[in-house]
1. How charged is the neighbourhood of Glu53? Take every other residue with its Cβ under 13 Å from the Cβ of Glu53, and add Lys/Arg as +1 and Asp/Glu as -1.
2. Please say if region 126-215 is rounded, prolate or oblate, where rounded means a/c under 1.5 for a ≥ b ≥ c the square roots of the C-alpha gyration tensor eigenvalues, and otherwise the choice is prolate for a/b larger than b/c and oblate otherwise?
3. Can you sort Ser775, Ser739, Ser179, Ser124 from fewest to most other Cβ atoms within 10 Å of each residue's own Cβ?
4. Among Phe81, Phe779, Phe69, rank each residue by its count of other Cβ atoms within 10 Å, from fewest to most, as a rough exposure measure.
5. Indicate the gyration tensor shape class of the chain (rounded, prolate or oblate), computed on the Cα atoms with a ≥ b ≥ c the square roots of the eigenvalues: a/c under 1.5 is rounded; otherwise a/b larger than b/c is prolate and the rest oblate.
6. Round to a whole angstrom and tell me the spacing of the C-alpha centers of region 403-439 and region 50-104.
7. Can you tell which of Phe438, Pro406, Leu825 lies farthest toward the positive end of the dipole of the chain, using +1 and -1 charges on the Cβ of basic and acidic side chains (Lys, Arg; Asp, Glu)?
8. What does the helix-only formula give at 222 nm for the chain: each DSSP H stretch with n ≥ 4 adding -39500 (n - 2.57), the total divided by the residues, and the result rounded to the nearest 500 deg cm²/dmol?
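What follows is calculated from the coordinates using simple rules that are stated; it is not laboratory data. In this text, all values refer to a predicted model and were calculated from it rather than measured experimentally. Positions of Cβ are backbone-derived with ideal geometry, glycine not excepted, and every protein chain shown enters the neighbour counts.
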Amino acid sequence: MTAFTVHDPRRLPQSHSRARLYHHESGLRTLLLPEPGSRVTAVLQIGVGSHDEPETRPGLAHLLEHVLFTGSERYPGVHHFARRIQGWNGHYNASTLDDTTAFFFTVDAEGLAPCLAHLIDMLSRPLLTEESVARERRILDAEFRTRLADPRLHRQALLARLARPSHPLARFTAGNAHSLSAPLASLTGEVRAFHACWFRAGNMTLVLQGALPDNVDGVLAETLSRLPSGPIPSRPPLPTAFPSDIQQQDWLWRAPRSDTSCTLLFPLPEDERVWPWLRHWLREPGHHGALGGLRATGMASTITVTGQRRSRNQGLNQGLNQGECLIELDAPGRGQEAAALLEHWLSRMAAYVPSRWPSTARLATPDPEGFPAPPDAPLARLCYLARRVAGEPETDTDTLLAPPAPPDDHTWHNTLRGLSDTGAMVIDHDNGRDFTRFTPWTGTPYRAIPRQRPAATDPFQTLLAPSATATAAPPSLKTLTRVPVDTEDTLRLGWRWPGDQTIAVERLGLRWRLLLEHAPFTGPKVRVHQSGAKLILDLAADDTAIRTTLATLFAPMDAPWERLTEHRHRIWCRQRDAAAPAHRLLQVLRDRLDGVTRENQGLLSSPTSLYCAYPRTWPETRLATGLSPITARFFPDTATDTTRATAIPTGQQAVPCAYPDHARLLYLPAPHRHVLDRLCWRLLQRHLAAPFYQQLRLRQQLGYWVDCRYQEEADGRCGLLLLVQSPDHGQRVLQAALSGFLENAGALLTAASLDDWQRTIRSLRAEVEREHSASGYPFEQRWNQAFYQRPGEADAELPLLDRLTAKNWRDEVLERYALARPFTLYSIAG
Ligand SMILES: [Zn+2]
């Protein structure tokens, strides 16, 4: 039996591999994207979402997504899937949107067949028991209550309120205890009926990317034939999202204080060729781009652009190719001003037609990852492809994977003119009390305001190039620590300050990032990394690049850039202070481990030390002439290194949080900074992660944020992190749960069979091997040894894993576990 017909295998120009598009006779479509490596990512998308729920049951699609993970015919265990994915060093997730539901996982290549078989069984023959429905309904409600502190939920609720009731945007997608409050038996019936109706092969698309096994066709034929076939209900045509009277006003809402954005909404351009380029120019930080202009005014420093295209019932009605373009700026309270600027920019850009665009390197690869999908992640690109495969049945791989061609001048001009004339719908903040209208479900206060556009000066007229004229100063290399490395093309500079300088170092890191993004010479090699009071700068190791980059970064600052840095820093502080408790605890832990103190708001002093990693082939004189003049001028009195090791904290610490949920974090550091300890701790995490999740999330139902992680510092210290955040359980309950788990963990480790240990050791070995073979690994090792004074023993990892027996490992882990002293952080309201 041939389950597949090869639809269109063609050679891909970039990856030199063969992308293949299959059409299963059941209707399912599969896109295979082979890539070298050792991992595989799978995205399975089903063409059903919250818009397809019965009117009376908001949240049903989201509930089904949850319940599907709780057991199926072949794999009835509640946490089987998590375990299986973890066994292949993987991770997984799922999402429910208004028109699609998607499941993703990434695993070692050999794990593809078993994990895919498991996922298909979950989706085609789920148990969907009343017990699971009851439990997941509670979890969903907890998610909802936690998300009430998340401004995005409120913005979504406001958009839903403003949209036409029959449009997908109008749905309450999250669901909560109230929207799902039917008697359990009938709710379970609804979940089952919804599943049976939509989860059919003809409504699914599978995208696989990575090191596909040779027998992938056989695996797919075998696995996918288990999916139920049958017709899918047809959907009504879509109206436009917003009635015109709604669209011609702007809107204010009272947002949680953590919100640091304003939102502008445009209709998505109808011509599909315009959108990726418009998005590119919106996000462009250089002087033609919208972001560049916003930064030049100091009004906003970040832009997030997402577009949701809905092409249902293509060709049959005017619903074709409509959608919304959502622009978020970090300029709370200045929405109308920002809209004026952007509308201005659109009309200028309308005249800057594609035939006049310079073909710079930046343009050639505008947005390599997600282009033209919204967020910049490889996964987003796969989801984007799945969407297109599902929506364009006649397409071939060349069309799918080709970079987007620019539109013609005429189309570009007309589309942008049209958008500028239509104008943006602004959704912004107001802290006043005179609200009389509230959204359903979230109770978000909102009101309309007349559309006004303050007269804006045109920031796009002036090019804000930083003055880049660095002058030579006497070189002094006395305090530079040199780290020659076996690399041809990278130069890395690293500075360390005492921990009380952190705030000033953060500001410097921010400023450098902003400057580098704006600079026309920026290449992919140039990168700024800041952690605590340490700052690292990567450069391409050629003379011109070094001179121009350093001259730009170390030049005296213009006032607008000064302002922009301050603006960005304030937003950053606000976001940090308002983060969800679990995030806050993680930040505080990081600070404690880094020896960071945040009291000092003063100016940046000289760093205690400067490190430089440069190609081994460079003569010493090259450093003196190329590097030293500029850096020495900026930090004239560089002293010798006085790094002190930070003491590992113990005991507990309360962390004030703006969010109402309770969070508790337990950090268990390994006793020593030794290779054996680090391997033991990674094994420990592998043994405890699944039971931790099972006990706290599934059995005790403390909250939906339950996490057990291994965390390693660059200096080689490591720890195990147990984290839980709960919307309804207080600290006493969380403390009891965490300490109860720790008490039983020893017994758990002892009870695991030597076969279990053998299996975890094998999977750890595979991961370590992958890390060691990653490109750039020797460079990073050498750098960490010098900069973080990390012991250079990484080479011992693999031999050690091979030398000790499973029993040795178990004893070593247990011995260290008994010595470890936890450090606890917990949130308090305030
Ligand atoms: Zn959820």
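1. Net local charge, Glu53 excluded: -3.
2. On the way: a/c = 1.74, a/b = 1.27, b/c = 1.37.
It is oblate, given that a/c is not under 1.5 and a/b is not larger than b/c.
3. Working: Ser775 6, Ser739 13, Ser179 23, Ser124 19.
Lowest to highest Cβ neighbour count: Ser775, Ser739, Ser124, Ser179.
4. Details: Phe81 23, Phe779 16, Phe69 20.
By the 10 Å Cβ count, ascending, the order reads Phe779, Phe69, Phe81.
5. rounded
6. Between the Cα centre of region 403-439 and that of region 50-104, the gap is 34 Å.
7. Comparing the listed Cα positions along the dipole, Leu825 ranks first.
8. Rounded to the nearest 500, the figure is -12500 deg cm²/dmol.
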